Amino acid sequence: MARKIIIDTDPGQDDAVALLLALASPEDFDVLGIVAVAGNVSLAQNAHNALKIVELSGRTEIAVYAGCERPLRRHLVTAEHVHGDTGLNGPGLPEPKLALRPQHGVDFIIETLLAHEPGTVTLCTLGPLTNIAMALIKAPAIASRVAQIVMMGGAYFEVGNITPAAEFNIYVDPEAADVVLRSGIPIVMAPLDLTHMILTTYERLEAIDAVGNRTSRAVAQMLAFSERFDLMKYGTKGAPLHDPCVIAYLLQPDLFEGRHINVTVETASELTMGMTVADYWGITDRPKNVLFLRSGNADGFYDLLVERLARLP
Ligand code: RIB
Ligand code: CA
């Protein structure tokens with residue numbers, strides 16, 4: 001039985017790979033909709049990029065919505081320095097023929113959760129949590145209806161990537177992350193501690209490109225563009241591949257190891273704004289609100305990714 005999912009995203013090259021992995025797996029995922037959020041670049045650009053990716057996948061029946069244009073409280077911080085001015089630099093993808101659905105993405109999330117049996121819809125979040133928090137604020141009753149949230153965000157032992165203390169998705173909207181982390185919804189977190197093990201080495205990018213279809217060639221071009229910033233920054237043999245870990249977890253959870261712990265987000269101090277404080281050693285009696293994925297099998301991840309990309313046009 002295919003799992004019903006909503007994907008909330010700020011494409012970004014790594015978001016694009018996550019979307020393609022999900023769209024390549026119709027027997028595993030019934031993608032109810034894709035909702036764009038402001039993050040890597042502006043909302044409008046992220047939504048535009050999501051349409052391009054849906055068209056690239058050939059799954060043109062999938063609905064794309066635009067959600068919130070800015071975080072709950074803070075000014076929007078974007079990441080063109082990583083993803084390029086369009087947020088999807090690398091391949092020259094054609095302008096989309098598809099249009100966004102007119103409904104606001106937050107209302108789509110609420111309506112969809114209320115229309116489906118409780119516990120049957122999973123939220124996959126690949127960007128800042130603004131849309132999810134807004135949905136929870138506008139319609140608190142949805143909290144008990146979400147099966148689980150599988151999110152890319154946060155960090156603990158790996159510390160921050162946009163500041164010394166914070167990971168980008170959380171840093172952009174720490175108040176939204178706080179609403180989600182306190183919601184009581186079962187959460188699986190794919191933090192930098194995990195994604196920094198899932199590196200886009202030369203050999204892995206070659207294997208993706210060698211699949212030879214238009215989608216895989218575009219993915220190889222996307223990642224060749226987005227990895228350059230991290231290669232310079234970390235000096236490693238490859239760059240972390242963040243967002244597809246969310247989808248890969250749902251496809252093959254045994255690729256990953258995690259621990260149920262408390263994760264709480266800093267929303268007051270400017271120095272540590274957006275830091276996810278993970279009680280990894282159970283020092284406090286704070287509720288264990290998150291399955292914190294600390295590590296993963298990178299070779300198994302890339303084998304899965306290549307196998308699924310080969311199914312696309
Ligand atoms: O910190 C990594 C996260 O920030 C990823 O989701 C990437 O797409 C950016 O949104
Ligand atoms: Ca993202």
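Apart from one condition, W281 fits all of (1) aromatic (F, W, Y); (2) open to solvent by 50 Å² or more (accessible area, probe 1.4 Å); (3) under 19 Å from the mean Cα position of the chain (by Cα); the exception is (3). Return the residue satisfying two criteria in turn: it lies in the stretch 92-127 and is open to solvent by 60 Å² or more (accessible area, probe 1.4 Å), among the aliphatic types (A, V, I, L, M) and part of a loop (DSSP other than H, G, I, E, B), and of such residues it is farthest from R3 (Cα to Cα). Filtering first and then ranking leaves A99.
Evaluate the stretch 166-187: report whether one residue or more is closer than 28 Å to L309 by Cα and out of contact with any Pro (no Cβ under 9 Å at 6 or more places or on another chain). Working first, answer last.
Filtering the stretch 166-187 down to residues closer than 28 Å to L309 by Cα leaves 167-169, 187.
If we keep only those that are out of contact with any Pro (no Cβ under 9 Å at 6 or more places or on another chain) as well, we get 187.
Yes, there is a match, as at least one residue in the stretch 166-187 is closer than 28 Å to L309 by Cα and out of contact with any Pro (no Cβ under 9 Å at 6 or more places or on another chain).
Within the stretch 64-83, the set of residues being open to solvent by 10 Å² or more (accessible area, probe 1.4 Å) and aliphatic (A, V, I, L, M) comprises A66, L72, L76, V77, V82. Restricting attention to the stretch 157-179, the residues that are more than 9 Å from ligand 1 (Cβ to nearest atom), within 13 Å of L192 (Cα to Cα) and charged (D, E, K, R) total 1.
Only one entry in Q103, Q148 is under 16 Å from the mean Cα position of the chain (by Cα) and either away from ligand 2 (no atom under 16 Å from the Cβ) or free of Cβ contacts under 8 Å to residues at least 40 places away in the same chain (or both), namely Q148. Inside the stretch 154-175, residues that are open to solvent by 40 Å² or more (accessible area, probe 1.4 Å) and away from ligand 2 (no atom under 16 Å from the Cβ) make up a count of 5. For the stretch 182-260, give me every one of the helices (runs of 4 or more DSSP H) that falls completely inside it and has 3 or more residues that are buried (at least 19 other Cβ atoms within 10 Å of the Cβ) and more than 15 Å from ligand 1 (Cβ to nearest atom). The helices (runs of 4 or more DSSP H) meeting that bar are 202-209, 214-234.
Residue by residue, here is whether (1) within 24 Å of S216 (Cα to Cα); (2) away from ligand 1 (no atom under 14 Å from the Cβ) holds:
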| residue | (1), (2) |
| --- | --- |
| D30 | yes, yes |
| T60 | yes, yes |
| V77 | no, no |
| N89 | yes, no |
| P94 | yes, yes |
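The values are calculated or read from the model by the stated rules, or taken from the named source; none is laboratory data. What you are looking at is a predicted structure, and each value in this text was computed from that prediction instead of being measured. Here Cβ is always computed from backbone atoms with ideal geometry, including for glycine, and neighbour counts include all displayed protein chains. Protein only, heavy atoms only, side chains kept; ligands, DNA and RNA dropped before computing areas. Shrake-Rupley method; radii C 1.70, N 1.55, O 1.52, S 1.80 Å.
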